[in-house]
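The values are calculated or read from the model by the stated rules, or taken from the named source; none is laboratory data. All figures in this text were calculated on a predicted structure; none of them were measured in a lab. All Cβ positions, even for glycine, are placed from backbone atoms using ideal geometry, and neighbour counts span all protein chains on display. These area figures cover heavy atoms from the full protein model, side chains too; ligands, DNA and RNA do not enter into them. Shrake-Rupley method; radii C 1.70, N 1.55, O 1.52, S 1.80 Å.
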Amino acid sequence: MPPLRTALLQSSGRPGAVAENLKTLDDAAARAAASGARLLVAPELFLTGYAIGDAVPELAEPVDGPGAQAVAEIAVRHGLAVLYGYPERDGDRIFNASQLIGRDGASLANYRKTHLFGCFEQEWFTPGEQPVVQADLDGLRIGLLICYDVEFPENVRAHALAGTDLLLVPTAQMHPFQFVAESVIPVRAFESQMYVAYVNRTGPEGEFEFVGLSCLAGPDGTVRTRAGRGEELVIGEVDPEFLAASRTANPYLHDRRPGLYGSLA
């Protein structure tokens, strides 16, 4: 299989302005497609913005809502899959969610954040209950987490055991936790033998200051592409052949002794 060229959109868009954020996503999709990318990943809650406070209920929409339909049109128009974050409404509950839309406009996967960070998220969102959500894209098994989820090694290891090749992590990583982007993400990729695309917001937004530093880390623990602190679109490649060779050479998953780990739960 050829490498999957993947574009990471580091942007906060404009909080509360869904139409403008969709325009930003459309522009990024055009640039990504022109570079040969077949997958575009946007940050956590990109559709609406993160620091939207009590506008969460107003801006939340169902999994097949107008935002999803607009993203599907973008995916079809530019011929690439798109992963974006949004507040998902399901009855009386609202989830911090991300959805992967295929190049044909169909929904491939929808994930609800399982580990909510801080007072803002815990006030407005219900935690998801499905830890491993996956989809197949171009012969790769794609897994989804959101931001804080990836900081729990159990989540990433669960994906490794389920066969995830590329883990997509839209995020809203804020100051002073930039060490997660700099150090934790490459380690997660290495210890669980997968690619990890960590895609952040950037700059001040309400009470938060997002640190950027989006990256694509490989199974050897090296960063294949890294954004700076500002608005940026960066491109990296997920190489299935390199992944297979790395898994053969690295014994972590083979040398596990699950019988010893029961007390961890």
For this session: Keeping all protein chains in position, work out how much accessible area E209 exposes to a 1.4 Å probe, and write it in Å² to the nearest 10.
Result: 100 Å²
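Before anything else, pin down the relative contact order of segment 114-265: Cα pairs under 8 Å, at least 6 apart, normalised by residue count, whole percent. Present the calculation step by step, with values, prior to reporting the outcome.
Working: 258 pairs, mean separation 23.7, N = 152.
With pairs under 8 Å counted, the relative contact order is 16 percent.
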For this session: Over the chain, with every protein chain in place, what whole percent of the accessible area is carbon and sulfur at 1.4 Å, could you tell me?
Result: 53 percent
Exercise. Extent of segment 108-252 along each principal axis, from alpha carbon coordinates, in Å, largest to smallest?
Worked result: 45, 33, 26
Problem set entry | Backbone HN-Hα couplings from phi across segment 251-265 [Karplus 6.51/-1.76/1.60, Hz, Gly and Pro as x] | x, 3, 5, 6, 8, 4, 10, x, x, 8, 9, x, 5, 5, 8
Seminar exercise, completed: Note: L260 to E241 extended length (0.36 nm per residue) minus current alpha-carbon separation gives 3.6 nm
For this session: Consider just the alpha-carbon atoms of the chain and return their Rg together with their Dmax, both in angstrom.
Result: 17.2, 51
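Could you compute how fast segment 173-228 diffuses translationally, taking Rh as the Kirkwood radius over C-alpha pairs and applying Stokes-Einstein at 25 °C with viscosity 0.890 mPa s? Give it in µm² per second. Working shown, then result.
Details: Rh = 11.3 Å.
Taking Rh from Cα pairs, D becomes 218 µm²/s.
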For this session: Determine ³J(HN,Hα), in whole Hz, for all residues of segment 138-152 in sequence, where each value follows from phi through the Karplus function 6.51 cos²θ - 1.76 cosθ + 1.60 and θ = phi - 60°; x replaces Gly and Pro.
Result: 6, x, 9, 8, 9, x, 10, 9, 9, 6, 3, 3, 6, 7, 9
Exercise. Using modelled amide H (1.01 Å from N, peptide plane; none on Pro or chain starts), what sits under 5 Å from the amide H of L144, excluding residues fewer than 5 places away?
Worked result: V133, L168
For this session: May I ask for the distance between the Cα centers of segment 44-78 and segment 206-241, given as a whole number of Å?
Result: 22 Å
Exercise. Could you sort M194, M1 by accessible area so the largest value comes first, with the probe set to 1.4 Å?
Worked result: M1, M194
For this session: On the full set of protein chains, 1.4 Å probe, figure out the accessible area of T222 and give it in Å² to the nearest 10.
Result: 60 Å²
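Using +1 on the beta carbon of Lys and Arg, -1 on that of Asp and Glu, and nothing else charged, what's the dipole of segment 197-265 about the Cα centre, debye to 20? Please list the in-between numbers first.
On the way: 7 positive and 10 negative charges, 75 e Å.
Around 360 debye, computed over segment 197-265.
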For this session: Taking 7 Å along the Cα-to-C-beta vector as the label spot, tell me the V187-T225 distance in nanometres, rounded to one decimal.
Result: 2.6 nm
Exercise. Mind checking Rg over Rh on segment 99-190, alpha carbons, Kirkwood formula for Rh?
Worked result: 0.97
For this session: List the relative contact order of segment 1-109 as a percent without decimals, with contacts defined as Cα pairs under 8 Å and 6+ residues apart.
Result: 26 percent
Exercise. For D136 and E207, what does the FRET efficiency come to when R0 = 35 Å and r is the distance between their Cβ atoms, rounded to the nearest 0.05?
Worked result: 0.35
For this session: Would you calculate the separation in nanometres between label points at D26 and E232, each defined as 7 Å from the Cα along the Cα-to-beta-carbon direction?
Result: 2.7 nm
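Please list 144-151, 240-247 highest first by mean number of surrounding beta-carbon atoms within 10 Å per residue.
Details: 144-151: 25.1, 240-247: 15.9.
Taking the mean over residues of other Cβ atoms within 10 Å, the ranking is 144-151, 240-247.
Rounded to two decimals, what is Rg over Rh for segment 1-147 when you use alpha-carbon atoms and the Kirkwood radius?
On the way: Rg = 14.5 Å, Rh = 15.2 Å.
With Rg and the Kirkwood Rh in hand, the quotient comes to 0.95.
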Seminar exercise, completed: So, with points 7 Å from each Cα along the Cβ direction, the Q69-H175 label distance in nm works out to 4.1 nm
Exercise. Which shape class applies to segment 207-265: rounded if a/c is under 1.5, otherwise prolate when a/b exceeds b/c and oblate if not, where a ≥ b ≥ c are the square roots of the Cα gyration tensor eigenvalues?
Worked result: oblate
